[in-house]
1. From the list ALA186, ALA216, which one is modelled with pLDDT under 95 and surrounded by 15 or more Cβ atoms within 10 Å (Cβ to Cβ)?
2. In the range 56-76, what residues are of a type in the set (A, V, I, L, M), modelled with pLDDT under 95 and not in a loop (DSSP other than H, G, I, E, B)?
3. Among the listed residues ALA123, ALA139, ALA104, ALA57, identify the single one that is small (Gly, Ala, Ser) and assigned by TED's automatic domain parsing to the domain that holds PRO36.
4. List pairs: first residue in the range 22-39 and over 15 Å from TRP100 (Cβ atoms), second residue among the basic types (Lys, Arg) and part of a strand (DSSP E or B) anywhere in the structure, Cβ distance under 6 angstrom, at least six positions apart or on different chains.
5. Suppose we keep only residues that are among the aliphatic types (A, V, I, L, M) and crowded, with 24+ Cβ neighbours inside 10 Å within the range 44-63. Which one would you say is farthest from ASN15 (Cα to Cα)?
6. Working only within the range 126-139, note down all residues that are out of contact with any helix residue (DSSP H, G or I) (no Cβ under 8 Å at 6 or more places or on another chain) and surrounded by fewer than 15 Cβ atoms within 10 Å (Cβ to Cβ).
7. Go through (1) modelled with pLDDT of 95 or more; (2) touching a Pro at 6+ places or on another chain (Cβ under 9 Å); (3) surrounded by 15 or more Cβ atoms within 10 Å (Cβ to Cβ) for LEU102 and report which single condition fails.
8. In the range 248-268, which residues are of a type in the set (Asp, Glu) and under 21 Å from ALA73 (Cα atoms)?
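The values are calculated or read from the model by the stated rules, or taken from the named source; none is laboratory data. This is a predicted model, so every value here is computed, not measured. No Cβ is skipped: glycine too gets one built from the backbone with ideal geometry, and neighbour counts run over all protein chains shown.
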Amino acid sequence: MGGQGLKLGTVPFLNAKPLTLTLENRAGVELRSEPPAQLLPLLENGTLDGALVSTFALFHLPGARYVPEVGIASRGRVRSIRLFCRRPPEELRRVGLDGWSLSAANMTRVILKRKWGAEPEFAVVDPLRPPLEDESFDAFLLIGDNALREEAGGLDGIDLGEAWEAFTGLPFLYAVWVFGSGKAGAAGRREVETCRLLREAKEEGVARLDEIIAAAGRDLPYIDEAAARDYLTNCIRYDVGPDEEAGLKRYHEYLAEDGLAPVDWDAAQAKMEI
C-alpha cells in the first residue's frame, strides 16, 4: 500500500480475531500484529495511527481517543486472564506479571490490593516461558492465548475477570481501538469514517464467529472447537456500552489512586464522535 493506508495495530490473540478479520488485506488499511505492551510505543512514536490496545495505554497516551461501542471485554469469567497461584491470594509476596500485558498486569495490582489486601513485589516474566518451576514466585499472570494454552499443573488458576466482576459488579474492558491525537483522520479519512470502519468490522466479524471458531479448533493446538466457542461466545464481549464504560472509569479511578495513571484523564473527552 506504499504507506498510504490507515496504519493499525492489533494483538496476536484469538479474542481479537472478530474485530480484525475483515480488516485483513483490506484496501486502505495496513494491519500489524504485536504483543499488547509493544503497541503503546508504536502509537507514541507515530508508527501506528491506531491500535486495538490495552485500556491502560489509553490513560497514558496524551490526547489519545478511543472508538466507542467496540472493544474486548468480559463480565465475569474471561478464561484468558489468569493468575496461577501457589498460595492463597491474600498471602502472595512475589508475583510475576506477563511481560506482554498492560491492562491485565495493572488490573492484577489493583485487584490484589483491594479484594485481598495483598501488595506483593512484582516482576516481569516471559509469557512464552512461564515460571512453572520457579518457586520464588508465589504466583504469575498470563494473558491471551498464552493463558488459554497453559495448564494449571496443580496451581490454583484464578480467573481475574471473575474476580473483578465479583468485587466491582462491573465488566472489565481490556482493549479498545485507540488513536493518537489527530490520527483517526489519517490516510485521508474523517474521524467519523474511521469509527464507522471499525464498528462495521466488529459487526461483520461477529457475524462470522462460526468461521473463526472452526478455524481456531482446526489450527490452534491448545483449544478445540467447543472450547473456542465457549470462549468467544460466553466469555468475550465485543459490544461496549454504559456498563463497560463504567468499568473503564472504575479501573482508571483505582489506577489513579495508586499512582499508576494520570488523575486528570477525562473519559468524555477520550471518546471519539461517531
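1. Criteria check complete, one pass: ALA186.
2. Scanning the range 56-76 gives ALA57, LEU58.
3. One residue alone meets the criteria, ALA57.
4. Cβ pairs passing all conditions: GLU30/LYS7.
5. Checking each candidate, the answer is LEU48.
6. Scanning the range 126-139 gives ASP126, ARG129, GLU133, ASP134, GLU135, SER136.
7. (1)
8. GLU253, ASP266
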